[in-house]
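Peer 1: Dumping the structure here so I can ask a few things about it.
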Amino acid sequence: MRIGHKLILVGGSAAGLLIAGFAYFLLESHERQLLGELESHAHQLSETVKSSTRYDMLLNQRESVHQIISSIGRQDAIDKVRIFNKDGEIILSTDSLDIGHMVDMKAEACYACHEADQPLESVPISRRTRIFSFNGGERMLGIISPIYNEASCWQAPCHAHDERQSVLGVLDVTLPLERIDEEHRASTTRIVAISILVMVAISFVMYWLVRHTVIAPVEQLVKATQRVATGDVQFEVAVGTRDEIGRLAESFNDMTQRLTEAQRQLYQSDKLASIGRLAAGVAHEINNPLTGVLTYSSFLQSRLEGQPEFKADLDVIVRETKRCRDIVAGLLDFSRQSSAARRRLDVNELVHVAAGMVRNQLSLQKTRLILDLQQDLPAVNADPGQLQQVLVNLLVNAGDAMPAEGGVISVQTVSRPEAGAEAAASEWVKVIVKDTGAGISPEDRDKIFEPFFSTKGPKGTGLGLAIAWGIIEDHGGRIDLDSAPGKGSTFFVTLPAANHAPDSSHGSASS
């Protein structure tokens, strides 16, 4: 069973039980209210009969008493009115066939007074009523009212009652419960119908809520996980709520973004490793012949100084051979055959050294260099030559991206702790190189770190940023780019910090 159906089933069952319990309580309360009203009416009726017949009873006028109770008993709401003497004999009744018969002391009309085998002198009103079935299941409500001995009774000359006798007889009035039962059945039908409608409405509301808040988001997450399982790690889930499922969707999107970045880095690393192996092999194979060509070309160039027509051709050969040698040197750097000699470094010092190396070139390009270096910057474990190569490459690229009228390059160093980290070893040192140049188009940003891709045209080999990316990756860091056409470019070089900060660092400077 699906989770949504389980929630609907559990919620619907709970709502059904609550509604059923409430309906039962309501019906019971309604029936008790109706019976209470009928009991009050029966009690008033009994007292009315006793008051109406009191005078005739004192005069022992049985015929007059019989006419009164017969007249009262002909009402539709009354079944019988009977009077018992102290021995249980029916002396008066609206049904003439009952007169003279003895009543069972254990019968329904007598149990309240005789349940202890002796009459009670005073019976509470709450115990005078009883409900019993009659004539094949028809329910009746009966109420008994004791007729007590009075002074006017035992002092009258017409009566022979003993003064010590407390109860002379009992007035019994029975009322049919047909109207009460019909009204109760009608109320039951209405309440059951309303309960069913309420349960159906609640079920539809629960289905709608569960469908939109649980089932649909969960189905979307399942679909997203299936897409990711097939390799589409860039698939994102729409976040429609801010509850737990919404946070789960945000976590899923964050996971896919991290997977995308990890996949990109893995692909880049694998690609660079393959190209690096190829580059190393090619560089070793062509380096020796290239050296021979350059050597003999330079020798011929010195021998043909008096023949300018040949010397010009040799100058082209020498120049292009040197250019090939530079490309081969770049391939060797890209393959990084030499192991890095890492030690504790102050990144601010390397920034100052790299800035000094390119300052004159940037001045010729009318470009101003600004350094904003954080003091007390943590040290890093890195190869100074390789890290300096990365910084120089980024500064040279930034200078080449400037327009003819020049611009501004800023270098900033900052440190930040890793999220949730407590130790200094989990800090990161970031070098931010920002320029006001032409910027990089979106379609070129994804290829900017690929080998042999260059936005400089013939001026570049396309290996500088690929080598820089490999060096930073080899140091356990990362290099990121934020650029837009016409808004310049910003490179972020992030390196893991060493165990503690360096003893000294450089502050801000500008030139």
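Any read-out appearing in this document is the output of simple, stated calculations on the displayed coordinates, not a laboratory observation. Bear in mind the structure is a predicted one, so any value in this text is a computation, not a measurement. No Cβ is skipped: glycine too gets one built from the backbone with ideal geometry, and neighbour counts run over all protein chains shown.
Peer 1: For the stretch 196-213, in order, what is each residue's ³J(HN,Hα) by Karplus, 6.51 cos²θ - 1.76 cosθ + 1.60 with θ = phi - 60°, in whole Hz (x at glycine and Pro)?
Peer 2: Computed from phi, the couplings for the stretch 196-213 are 5, 4, 5, 5, 5, 4, 4, 4, 5, 5, 5, 4, 5, 5, 5, 4, 8, 9 Hz.
Peer 1: Now, a different point. On full extension of the chain, what length is gained from Asn253 through Ser298, given 0.36 nm per residue of separation minus the C-alpha to C-alpha distance?
Peer 2: On the way: separation 45, 0.36 × 45 = 16.20 nm, distance 6.09 nm.
Working it through step by step, the gained length comes to 10.1 nm.
Peer 1: Stokes-Einstein D for the stretch 1-105 at 37 °C, 0.692 mPa s, Kirkwood Rh over Cα pairs, in µm²/s? Please list the in-between numbers first.
Peer 2: Values: Rh = 17.9 Å.
D = 183 µm²/s.
Peer 1: Using amide H atoms built in the peptide plane, which far-off residues or other-chain residues are under 5 Å from Leu373 H to H?
Peer 2: Thr413, Ser508, Ala509
Peer 1: Give the long-range amide H neighbours of Leu92: residues separated by 5 or more places, or on another chain, with amide H under 5 Å away, using H modelled in the peptide plane at 1.01 Å from N.
Peer 2: Distant-sequence amide H within range of Leu92: Ile83.
Peer 1: Ok, one more. If the chain between Tyr24 and Thr189 were fully stretched, how many nm would it gain, using 0.36 nm times the residue separation less the Cα-Cα distance? Working shown, then result.
Peer 2: Details: separation 165, 0.36 × 165 = 59.40 nm, distance 1.20 nm.
Once the chain is fully extended between Tyr24 and Thr189, it gains 58.2 nm.
Peer 1: Still on this structure: Can you tally the net charge around Ile191? Count Lys and Arg as +1, Asp and Glu as -1, for every other residue whose Cβ sits under 14 Å from the Cβ of Ile191. Provide the component values of the computation, followed by the final result.
Peer 2: Values: positive: Arg185, Arg190; negative: Glu28, Glu31, Glu183.
That sum, taken over residues with Cβ under 14 Å, equals -1.
Peer 1: Here's something else I'd like to know. In sequence order, what are the phi-derived ³J(HN,Hα) couplings for the stretch 464-475 according to the Karplus relation 6.51 cos²θ - 1.76 cosθ + 1.60 with θ = phi - 60°, rounded to whole Hz, with x for glycine and proline?
Peer 2: The phi angles translate into x, 6, 5, 5, 4, 4, x, 5, 5, 4, 5, 8 Hz.
Peer 1: Can I ask one more? Using a simple spin-label model with points 7 Å from Cα along the Cα→Cβ vector, what separation in nm is obtained for Arg319 and Leu9?
Peer 2: Placing both labels 7 Å beyond Cα along the Cβ direction yields 8.4 nm.
Peer 1: Measure off 7 Å from each Cα along the Cα-to-Cβ vector at Asn85 and Ser203, then give the distance between these two points in nanometres to one decimal.
Peer 2: 6.7 nm
Peer 1: Give me the extension gain from Asp76 to Ala229: residue separation times 0.36 nm, minus the current Cα-Cα distance, reported in nm with one decimal. Display every interim value, and only then the final one.
Peer 2: Details: separation 153, 0.36 × 153 = 55.08 nm, distance 8.17 nm.
Separation in residues times 0.36 nm, less the Cα-Cα distance, equals 46.9 nm.
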